[in-house]
């Protein structure tokens, strides 16, 4: 099975589709955020345009696009215009490496008098064996968009916001990286797909030479690493600059922080970057700690679903695609729930003060993650040595 | 001709040495202390590239371990260098390398 | 030329071009952003060398932390443009640098063709190999680096806290 032109074309289109999917989630999330905040605060929220206010998204998009493209007199023009794009890139690149579902196997078929070989389409943009390292590396570039935006605006509030943002992102990246060391030690791989495979089946582990199995719990990372999962989730909040960590744009002190001078579509691109980071964070939590796209309580999921689909549609492309769709739905459910938690937290908790934010990062999260690493190492040593 | 263009260890070494030279030139010609620090980072990176290339073409993990150490030292050097630059800026309101003449130990 | 070679040439042109940008842009902010591009290009080169862990660490440590630190400090100083970015005897220094570069290249290129060390590919160095070597053969150096980082941490804090002069 060589990679022929059709396969390359399919994969290119797939990469574009996954990127557009991510972008298309943004208006939906904005709607969810506004309706959700209204629900939490006992208001109505946008409910005039279309059913449940869903058409508000389109109205907003039209408004964003038709606004005047404005560059302040004090700004550095090139960097000012480049910053929103730079802010969008890291999230999009990171999202590319997250596996969304099992691959679709397309059987050989005849079309236009030619036979087309069997294809396998991975449900992720790039499958790589060092997915975690790649995602951490790429998302560490996220600080540049905010820094450049703040500096190029030529506004002191923007600059203060940008400097806060970069200091915060560097500080919390440490906790983010160390929080997943525990899960890495348990799975012993950087490959996200392998990691998901290992989370199949009921909760089972080996301890002191004996195998234990708890049949009513799925074999998810969160049960091995509850502390790590919590710390990682907190750090993703800080990485995506969401409340309670939205010091870079705290409107009470800094007007709107790094994007004070931005309006219209440029502002929307910062939004996309922020929601993209949220989606990457939710996807990573799902992959590391919640079993990825696997469904709970149906053990041996992949074979089971495939056989079910084959029983109804016969073996072939359709069965494979149905199975993929099933897993994609589970992935979406998990990510959707986590995104709702992001929104829920935003409208529930107040913002940190800047010194308490740094205290939390350096004096609380960092020691706890280090402790988690040490504890995991000791337990693994005992459990595996016996 | 096609053989010479085929990428091997030598190509990486040439890129590495060019990068090192650019770093040296930066240290020689710039006045701003921070840009000089950046040029030093360029030199360290050039060395890293050659270490990684040797490691790859000799199947020897030692080279990659060295890159690891160089990175740690480079990060430390940047942190200290920037701290000194900030202190000098506070004192003299500028960060030209010439201002360091005024330091007395 | 295979795709591997094309990727190598593109990456090396990007990295070297950005490195030239570092030393030739008069505004230090642009220099720092160019440095970030150089670091990212080198990270991609580590990828082509199958040093995946190093590529990630290069992105996280250099592009994600060290250069961000540079940019942050420069933004705090707010140096829009330097009046005289290059040192006084600009021509002579460039001349010296050029001579050193030419001499070194004249030395390196023939040497590298004489000692052509390309061995047959067996298997790449994996991250597991790297970790094994790091924590067995080089464990003392690893500990020493840890102590160095601690000392640097204390030193940087002391420098940042000092108000200048003798303070009571």
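Of note:
Residue-by-condition table, conditions (1) out of contact with any helix residue (DSSP H, G or I) (no Cβ under 9 Å at 6 or more places or on another chain); (2) buried (at least 22 other Cβ atoms within 10 Å of the Cβ); (3) within 8 Å of chain A (Cβ to nearest Cβ); (4) not in a helix (DSSP H, G or I):
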| residue | (1), (2), (3), (4) |
| --- | --- |
| C:30 | no, no, no, no |
| C:46 | no, yes, no, no |
| C:58 | no, yes, yes, no |
| C:62 | no, yes, no, no |
| C:65 | no, no, yes, no |
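- For the stretch A:81-102, the criterion of being at pLDDT 75 or above and touching a strand residue (DSSP E or B) at 6+ places or on another chain (Cβ under 7 Å) is satisfied by no residue at all.
- Enumeration of residues in the stretch B:27-54 that are within 7 Å of chain C (Cβ to nearest Cβ), closer than 30 Å to residue B:93 by Cβ, part of a helix (DSSP H, G or I) and more than 10 Å from the chain's Cα centre (by Cα): B:28, B:29, B:34, B:35
- For residue B:69, the requirement of being surrounded by fewer than 20 Cβ atoms within 10 Å (Cβ to Cβ), part of a helix (DSSP H, G or I) and either touching a residue at least 12 places away in the same chain (Cβ under 8 Å) or out of contact with any helix residue (DSSP H, G or I) (no Cβ under 9 Å at 6 or more places or on another chain) (or both) is not met.
- Residue match in the stretch A:42-57 (condition: in a helix (DSSP H, G or I) and within 18 Å of the chain's Cα centre (by Cα)): no
- The lone exception for residue B:50 - which of (1) in contact with a strand residue (DSSP E or B) (Cβ under 6 Å, 6 or more places away or on another chain); (2) touching a residue at least 24 places away in the same chain (Cβ under 8 Å) it fails: (1)
- Residue check for residue A:121: surrounded by fewer than 22 Cβ atoms within 10 Å (Cβ to Cβ) and free of Cβ contacts under 8 Å to residues at least 24 places away in the same chain: no
- Filter pass, residue C:71 being part of a helix (DSSP H, G or I), at the interface with another protein chain (Cβ under 7 Å from one of its Cβ atoms) and surrounded by fewer than 23 Cβ atoms within 10 Å (Cβ to Cβ): no
- Each residue in the stretch A:297-347 was checked for being under 30 Å from residue A:277 (Cα atoms) and modelled with pLDDT of 75 or more, and 27 of them qualify.
- Test for residue A:203: is it in contact with a strand residue (DSSP E or B) (Cβ under 6 Å, 6 or more places away or on another chain), assigned to a helix (DSSP H, G or I) and surrounded by fewer than 20 Cβ atoms within 10 Å (Cβ to Cβ): no
- Residue-level analysis places residue A:169 among those that are in contact (Cβ under 8 Å) with a residue 12 or more places away in the chain and in a helix (DSSP H, G or I).
- Among (1) at pLDDT below 80; (2) closer than 22 Å to residue C:34 by Cβ, the one test that residue B:70 misses: (1)
- Among the residues of the stretch B:75-84, the ones that are at the interface with another protein chain (Cβ under 7 Å from one of its Cβ atoms) and within 17 Å of the chain's Cα centre (by Cα) come to 6 in all.
- Total residues in the stretch A:122-149 satisfying the condition of being farther than 21 Å from residue A:177 by Cβ and either facing another protein chain (nearest Cβ under 7 Å) or in contact with a helix residue (DSSP H, G or I) (Cβ under 7 Å, 6 or more places away or on another chain) (or both): the figure is 5.
- Subset of the stretch A:187-197 that is in a helix (DSSP H, G or I) and surrounded by fewer than 17 Cβ atoms within 10 Å (Cβ to Cβ) - its residue that is modelled with the highest pLDDT: A:194
- Scanning the stretch A:376-386 for residues that are assigned to a helix (DSSP H, G or I) and in contact (Cβ under 8 Å) with a residue 40 or more places away in the chain yields A:376, A:377, A:380, A:382, A:383, A:384.
- Filtered by the rule that a residue be more than 21 Å from residue A:143 (Cα to Cα) and in contact (Cβ under 8 Å) with a residue 24 or more places away in the chain, the stretch C:26-48 gives C:26, C:45, C:48.
- On the stretch given as the stretch A:75-130, residues that are assigned to a helix (DSSP H, G or I) and more than 26 Å from the chain's Cα centre (by Cα) total 4.
- Members of the stretch A:152-173 found to be at the interface with another protein chain (Cβ under 7 Å from one of its Cβ atoms) and farther than 18 Å from residue A:90 by Cβ, listed by number: A:159, A:163
- Single residue of A:367, A:296, A:350 found to be more than 27 Å from residue A:202 (Cβ to Cβ) and either surrounded by 14 or more Cβ atoms within 10 Å (Cβ to Cβ) or touching a residue at least 40 places away in the same chain (Cβ under 8 Å) (or both): A:350
- Qualifying residue in the stretch B:86-95 (condition: surrounded by fewer than 22 Cβ atoms within 10 Å (Cβ to Cβ), in contact (Cβ under 8 Å) with a residue 12 or more places away in the chain and within 7 Å of another protein chain (Cβ to nearest Cβ)): no
- Among the candidates C:135, C:140, residue that is more than 7 Å from chain B (Cβ to nearest Cβ), in contact with a helix residue (DSSP H, G or I) (Cβ under 8 Å, 6 or more places away or on another chain) and at pLDDT 80 or above: C:135
- Selection of the stretch A:215-245 for residues being farther than 30 Å from residue A:123 by Cβ and either at pLDDT below 75 or in a helix (DSSP H, G or I) (or both) yields A:227, A:243.
- Qualifying residue in the stretch B:55-64 (condition: farther than 19 Å from residue C:29 by Cα, more than 7 Å from chain C (Cβ to nearest Cβ) and crowded, with 24+ Cβ neighbours inside 10 Å): yes
The values are calculated or read from the model by the stated rules, or taken from the named source; none is laboratory data. Predicted, not measured: the structure shown is a model, and the values here were computed from it. Methodologically, a virtual Cβ is constructed for each residue, glycine included, from the backbone with ideal geometry; neighbour enumeration extends over all protein chains shown.
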